[in-house]
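Worksheet for the structure shown next.
The values are calculated or read from the model by the stated rules, or taken from the named source; none is laboratory data. Computed from a prediction, not measured in an experiment: that's the story for all the values here. Note that each Cβ is placed from the backbone with ideal geometry, even for glycine, and that neighbours are counted across all protein chains shown. Each accessible area value is taken on the protein alone, full model and side chains, heavy atoms only, with ligands, DNA and RNA left out. Shrake-Rupley method; radii C 1.70, N 1.55, O 1.52, S 1.80 Å.
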Amino acid sequence: MPIEKLARELDVTPQTIRRDINQLCEENILRRYHGGAALGDSSEDDDFQSQKAKLQIEKAHIADLVAANIPDNASLFMSIGTTIEAVAMALVKSHKNLRVITNNIHVAAIMSGRSDCTVIITSGVVRPVDGGVTGVATVDFINQFKVDYAVLSASGVEQDGSLLDFDYKEVSVMRAMMQNARLRYLAFDHSKFGRNALVRMGDITEFDSVFTDSVPDEAMCNRLEAAGVEWFVAERDTDDE
């Protein structure tokens, strides 16, 4: 998307967009073209595959902790991301009679492995790299439901509690899930702390519970306590360090 159009849609200055693009290009997340930047097919695929292989043990521990806090017979939204796919694996091993609405075709495939699990996949456009489904139709679809839990992740978590993602279309989907769930769960591994991304998803205090593998610092603890947010820390094996 051209810089000027992106600036209008996000209601920020073109200078802000250019600064963020420069950083993302330095991190090899974007490739630049005249007037804008985009994810290249090969670099996008490489990034997803590397994220899928990264910190698998940590993500499995986090997923087990999330699953332990979801009862049988629950209804839930599940979003895009390798950590959410790990949660799906944990749920399918231990839970019964779940009703899952997801915009992640990998989660749908995992959860449909149980005959007693009802899986609904959203409408929208499928991203070929990570199996994510996004778009206006996806948001409209999500808004038809009210579920017990929204299980989401984030690409980056800043010190002030801001949650970040790389795709504004995916953020719109996650916001819809948050608005239509009775309880909101956020799951991410420690590598997301301080990771920069372009689009603001919201604030960590908008969630009821946070599941990760790292103890928050004092300032974050105070913010979470004031907002009534529970922080669950999964065990980290010494071999994972």
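Take the residues of region 173-203 that are surrounded by 20 or more Cβ atoms within 10 Å (Cβ to Cβ) and among the small types (Gly, Ala, Ser): which is farthest from Ser75 (Cα to Cα)?
This residue is Ala197.
Rundown of residues vs (1) within 27 Å of Leu224 (Cα to Cα); (2) more than 16 Å from the chain's Cα centre (by Cα), yes/no style:
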{"residue": "Ile101", "(1), (2)": "no, no"}
{"residue": "Ile105", "(1), (2)": "no, no"}
{"residue": "Arg114", "(1), (2)": "no, yes"}
{"residue": "Gly132", "(1), (2)": "no, no"}
{"residue": "Ile142", "(1), (2)": "no, no"}
{"residue": "Val151", "(1), (2)": "yes, no"}
{"residue": "Asp160", "(1), (2)": "yes, yes"}
{"residue": "Leu164", "(1), (2)": "yes, no"}
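Within region 138-175, how many residues are over 25 Å from Met220 (Cβ atoms) and part of a strand (DSSP E or B)?
Of the residues in that region, 2 qualify.
Closer than 28 Å to Ala176 by Cβ, open to solvent by 30 Å² or more (accessible area, probe 1.4 Å) and modelled with pLDDT of 55 or more, is that true of Leu65?
Yes.
For Val157, all conditions in the list (1) without any contact (Cβ under 8 Å) to a residue 24 or more places away in the chain; (2) touching a Lys or Arg at 6+ places or on another chain (Cβ under 7 Å) hold save one; what is the number of the exception?
That leaves (1) as the condition not met.
In region 68-119, which residues are open to solvent by less than 20 Å² (accessible area, probe 1.4 Å) and in a strand (DSSP E or B)?
Ser75, Leu76, Phe77, Met78, Val100, Ile101, Thr102, Asn104
Please list, ordered by first then second residue, the pairs with beta carbon atoms under 7 Å, 6 or more apart or interchain, first in region 98-120 and in contact (Cβ under 8 Å) with a residue 60 or more places away in the chain, second among the hydroxyl-bearing types (Ser, Thr, Tyr) and outside any loop (DSSP other than H, G, I, E, B).
Going by the 7 Å Cβ cut-off, the qualifying pairs are Asn103/Thr134; Asn103/Thr138.
Would you mind finding the one in Glu170, Glu206 that is in contact (Cβ under 8 Å) with a residue 24 or more places away in the chain, open to solvent by less than 20 Å² (accessible area, probe 1.4 Å), closer than 25 Å to Thr102 by Cα and charged (D, E, K, R)?
Matching residue, one of Glu170, Glu206: Glu170.
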